[in-house]
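Where a number appears in this text, it was derived from the coordinates with a stated rule and is not lab data. Note that the structure is a prediction, hence the values are computed from the model and not measured. Here the Cβ positions follow ideal geometry from the backbone for every residue, glycine too, while neighbour counts run over all protein chains shown.
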Amino acid sequence: MYKLLSHNDLDGVGCGILAKLAFGKEVKVRYNSIASLNREVEWFFENEDKDIFLIITDLSVNEANEKRLEAFHHAGGKVQFLDHHKTALHFNEYEWGHVVVEDTRGNLTSATSLFYEFLVEHQLLEASDAVTEFVELVRQYDTWEWEKNDNQKARQLNALFFLVSIEEFEDIMMERLLQSEHFYFDDFEKKILNMEDDKIERYIHRKKRQLVQTKIGDHFAGIVYAESYHSELGNELGKEYPHLDYIVILNIGGKRAGFRTIHDHVDVSEVASRFAGGGHAKASGCTLTDEAYKLFVADTFHLEALREDEKRNRYNVKGSPFGSMYENRSEVVFLLYPEDDHWVIEKDREKIDQTFSSFADAENFLKRNEEAWLVRDDAFVSSLMEKIGSVNGVKLNNDEKRV
Ligand SMILES: [Mn+2]
């Protein structure tokens, strides 16, 4: 008999599906949140038959359970721990631990891809095209590689996962993987996935207008409240506001904070570990402890949301050699433009001392310090007209004097 304890997300359930394909009725699968895994492991040691092969995927155990697992292994118990989170690398010290973040070809791994490799290598499961394709979709989704590859199928697999119950998802996937040569979505699934896409788009649109900005340590963070679509939100908000180092997504009902970044210079697993959480460099989370609650909720609740940049402009566009015009909440106007080999910022028509090597650097500085947004064309054009008007006015006066 086997027992699999895995995460309750797509990657974790991917492991469950593989376990059921490999072991059939010989495996008991339990899906857990990050918080509930340790109770499950304790329950295993208190109640389960010690002949059972225990497999843990996609989640880490605490120190007490780490010791229990090692003692269990020493006493001849069968245990395998498979994970791809950087924060779990120390489990590689154990004979029963196998943690790989990046494989030998330089691809990021997922728990499902590691478990598939493990099962095939130990001849517990026969590789097939459909399963290989499914595993790759899960891997691309979990590592966010799908975005770079524009792999919509991977994104939609995760959307489908959230549209049905875990049991239903297992049933649908098992049947498809067993019966088809290749992995696919049927027509009904395609239809509901398209409806879901429209719904997500509207949700993200609303959330873009609720994000507040705050400085935490050396980092600038954007904070938003949301119960669902965390990955999509983290990604879209990150791209909308690239001057922010990371996005904090607060799920108050779940008493949790999620951290997401689109940047390589930030490791949000480090951010989460400051609050006893964990995860990946690009996605992590923690429980809202008193400290985290104060920092992310209490201290930021009064802040006003950031304003989006105007996107339908023809003249006032970013990086324009004629200048790009911004405004902040106090109606202070900023103009960014190139001068010689650098970029300058004019604040209320006075140049600030600092100069910047690129437009992006100048805009970063402006958005971090002033929370300014790119204004609409009409505001830009009327300000130009005013400027031209006043220049003409001065000229006229001079001419008059000469006469
Ligand atoms: Mn995973």
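Using a simple spin-label model with points 7 Å from Cα along the Cα→Cβ vector, what separation in nm is obtained for Glu167 and Ser228?
Each label point is offset 7 Å from its Cα along the Cβ direction, giving 2.1 nm.
State the three equivalent ellipsoid semi-axes of the chain, derived from the C-alpha gyration tensor as the square roots of 5 times its eigenvalues, in descending order and whole Å. Don't skip to the end; give the middle numbers.
Values: eigenvalues 548, 106, 62 Å².
One finds semi-axes of 52, 23, 18 Å for the chain.
Give me the number: length gained by fully extending Arg206 to Val120, i.e. 0.36 nm times residue separation minus the C-alpha to C-alpha distance, one decimal in nm. Walk me through the numbers on the way to the answer.
Working: separation 86, 0.36 × 86 = 30.96 nm, distance 4.51 nm.
Stretched out fully, the Arg206 to Val120 stretch lengthens by 26.5 nm.
Per residue, how much space in cubic angstrom lies within the convex hull of the C-alpha atoms of the range 2-181? Could the numbers behind the result be given before it?
Details: hull volume 21.9 nm³, N = 180.
Spread over its residues, the Cα hull of the range 2-181 gives 122 Å³ apiece.
Express the relative contact order of the chain as a whole percentage, based on alpha carbon pairs under 8 Å and six or more residues apart in sequence.
On the way: 612 pairs, mean separation 34.7, N = 403.
Relative contact order comes out at 9 percent.
Which trypsin sites (Lys or Arg not before Pro) from the range 238-280 combine a DSSP loop assignment with at most 14 other Cβ atoms within 10 Å? Intermediate values should be presented prior to the final figure.
Working: sites: Lys239, Lys255, Arg256, Arg260, Arg274; in loops: Lys255, Arg274.
For trypsin sites (Lys or Arg not before Pro) across the range 238-280 that sit outside H, G, I, E and B with at most 14 neighbouring Cβ atoms in 10 Å, the list reads Lys255, Arg274.
Would you mind calculating the gained length between Thr104 and Ala71 on full extension (0.36 nm times residue separation, minus the Cα-Cα distance), in nm to one decimal? Show your work: numbers first, answer last.
On the way: separation 33, 0.36 × 33 = 11.88 nm, distance 3.11 nm.
Gain in length upon complete extension: 8.8 nm.
Sort Thr355, Thr109 so the one with the fewest other Cβ atoms within 10 Å of its own Cβ comes first.
Numbers: Thr355 15, Thr109 20.
By the 10 Å Cβ count, ascending: Thr355, Thr109.
Pairs to check: Lys207/Lys282; Lys3/Lys86; Lys190/Lys239; Lys3/Lys67; Lys311/Lys387. Give those whose C-alpha atoms are more than 22 Å from each other in this structure. The partial results should precede the final answer.
Working: Lys207/Lys282 20 Å; Lys3/Lys86 24 Å; Lys190/Lys239 27 Å; Lys3/Lys67 19 Å; Lys311/Lys387 24 Å.
With Cα atoms farther than 22 Å apart: Lys3/Lys86; Lys190/Lys239; Lys311/Lys387.
What are the principal axis extents of the Cα atoms in the range 207-298, in Å, biggest first?
Largest to smallest, the principal-axis extents are 29, 25, 21 Å.
Quick one: work out the % antiparallel among DSSP beta bridges in the range 207-298, nearest 5. Walk me through the numbers on the way to the answer.
Numbers: 17 of 22 bridges.
Here the share of antiparallel DSSP bridges comes out near 75 percent.
Fewest first, what order do Lys347, Lys50 take by the number of other Cβ atoms within 10 Å? Walk me through the intermediate numbers first.
Numbers: Lys347 16, Lys50 12.
Fewest to most other Cβ atoms nearby, the residues stand as Lys50, Lys347.
Looking at the range 102-184, which GluC sites (Glu not before Pro) are DSSP coil and have at most 10 other C-beta atoms within 10 Å of their C-beta? Before the final figure, lay out each step's value.
Working: sites: Glu102, Glu117, Glu121, Glu126, Glu133, Glu136, Glu145, Glu147, Glu167, Glu168, Glu170, Glu175, Glu181; in loops: Glu126, Glu181.
Qualifying residues, ordered by number: Glu126, Glu181.
What number, rounded to the nearest 500 deg cm²/dmol, is the helix-based mean residue ellipticity at 222 nm of the chain, given -39500 (n - 2.57) per DSSP H run of at least four residues and division by all its residues?
Calculated from helices alone, the mean residue ellipticity at 222 nm is -13500 deg cm²/dmol.
As a test, work out the antiparallel percent of DSSP beta bridges whose residues both lie in the chain, rounded to the nearest 5.
On the way: 34 of 57 bridges.
Bridges in the chain are about 60 percent antiparallel.
Taking the Cα-to-Cβ direction at Asn151 and at Lys255 and moving 7 Å from each Cα, how far apart do the two end points lie in nm?
It is 3.6 nm.
Tell me, what is the FRET efficiency for Ile192 and Glu270 to the nearest 0.05, using R0 = 45 angstrom and their Cβ-Cβ distance as r?
Computed FRET efficiency for Ile192 and Glu270 comes out at 0.75.
Suppose the chain between Asn92 and Arg314 were pulled fully straight at 0.36 nm per residue; how much longer would it get relative to their current alpha carbon spacing?
Working: separation 222, 0.36 × 222 = 79.92 nm, distance 5.56 nm.
Full extension of this stretch gives 74.4 nm more.
Go through 93-101, 321-329 and give me the packing order, highest mean Cβ count within 10 Å leading.
Details: 93-101: 16.2, 321-329: 18.2.
Those peptides, ordered most packed to least, come out 321-329, 93-101.
Take Cys15, Cys286 and order them by how many other Cβ atoms sit within 10 Å, fewest up front.
On the way: Cys15 31, Cys286 23.
Ascending number of Cβ neighbours within 10 Å: Cys286, Cys15.
Could you check the spin-label model distance between Ile388 and His219? Points 7 Å from the Cα along Cα→Cβ, value in nm.
4.7 nm
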